[in-house]
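Each remark here refers to the structure printed beneath this line.
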Amino acid sequence: MDTNDPTPSAINGDTRLFCIIGDPISQVGSPLLFNSLFQQHQIAAAMLPCHVLPADLSVVIKGLRRQQNLGGIIVTVPHKIRVLRLIDSLTPEAMTTGSVNAIRRNMDGSLYGANFDGQACVRTFQQLGADLRNQSVLIIGAGGAGRAVADACLREGASHLRLVEKRRSRAIRLVRELKARFSHAIIDVGDHNPRGFTRVVNCSPSGMTTADAMPIDIDQLDPGTAVVDLVLKPVNPPLLKAAQEMDCRTANGNTVLAAQVDLIADFFLIARG
């Protein structure tokens, strides 16, 4: 074996480590995408999945902070909001949205958080040929991803944004925050009826298991609506299957994830030559 081979299969003492933390963790796609990037560009780095329970988040972040060869952490469900209080500084976007999905460990051990969920979702809609300006957007889920996506859609000029969330009080709080920043749009809390909405985004975990209810009332979905589902596994969740049968443009969570790999790599200061 070539000991100078920087691919994950040749991990050695010079390897720079990255990880993704979440609960559950089996659905994540970041290790595959980033390890492929490392191999393609001959970067001595590797990304690993770390199953971290909510009760253990604080102690895990404290330990990772001390990991001298750690380059960064990707954060997924359900830690994107709670992790804010455990890190040192935030990008303006992460501070505004109150959600983090990427953390860079600096040389001094300080942790710097960012969020690229919103930018990646906007890019995904653009890839579908579905701009957001003057469009009505229905977002299911007001957690970490939902907060970032809502902010990004409004920044892109969405004229009406509705939040659907099991914990209605959380959605109401987010609507209040968004109204303070975006006076041009109608922003409200509603039910699962997508009729009249030209863009739909599922930012909730609904669809990850066969027992989950459909995140929207699919019978009310207008044909031609652009539908994005952030669920990573299964690759084609029930929402997208049903939307495709109604001639809707669709994109899955893996498409959204791929749209932010370069953004996160730049944030992690990964030099790709």
What's the number of the only condition in (1) more than 17 Å from the chain's Cα centre (by Cα); (2) open to solvent by 50 Å² or more (accessible area, probe 1.4 Å); (3) not aliphatic (A, V, I, L, M) that Gly63 fails to meet? (2)
The range 104-119, residues that are in a strand (DSSP E or B), farther than 20 Å from Ala258 by Cβ and of a type outside the set (D, E, K, R): Leu111, Tyr112, Gly113
Is at least one residue of the range 135-153 of a type in the set (Lys, Arg) and in a helix (DSSP H, G or I)? yes
Here are the criteria: (1) part of a helix (DSSP H, G or I); (2) buried (at least 23 other Cβ atoms within 10 Å of the Cβ). Tell me which single one Val122 does not satisfy. (2)
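If you go through the range 104-128 one residue at a time, how many are under 13 Å from the mean Cα position of the chain (by Cα) and either free of Cβ contacts under 8 Å to residues at least 40 places away in the same chain or closer than 20 Å to Arg65 by Cβ (or both)?
Matching residues across the range 104-128 total 4.
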Condition first: open to solvent by 20 Å² or more (accessible area, probe 1.4 Å) and part of a helix (DSSP H, G or I). Can you find one or more residues in the range 161-169 that meet it? yes
Residue in the range 263-270 that is at pLDDT 95 or above, open to solvent by less than 20 Å² (accessible area, probe 1.4 Å), part of a loop (DSSP other than H, G, I, E, B) and out of contact with any Leu (no Cβ under 8 Å at 6 or more places or on another chain) present: yes
If a residue must be open to solvent by 10 Å² or more (accessible area, probe 1.4 Å) and among the small types (Gly, Ala, Ser), how many such residues does the range 209-250 contain? 4
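The values are calculated or read from the model by the stated rules, or taken from the named source; none is laboratory data. Predicted model, so just to flag it, every value in this text is computed and none were measured. Counting neighbours? That spans all protein chains shown, and the Cβs are built from the backbone with ideal geometry, glycine included. Remember, those area values only see protein heavy atoms, side chains included, never the ligands or the DNA or RNA. Shrake-Rupley method; radii C 1.70, N 1.55, O 1.52, S 1.80 Å.
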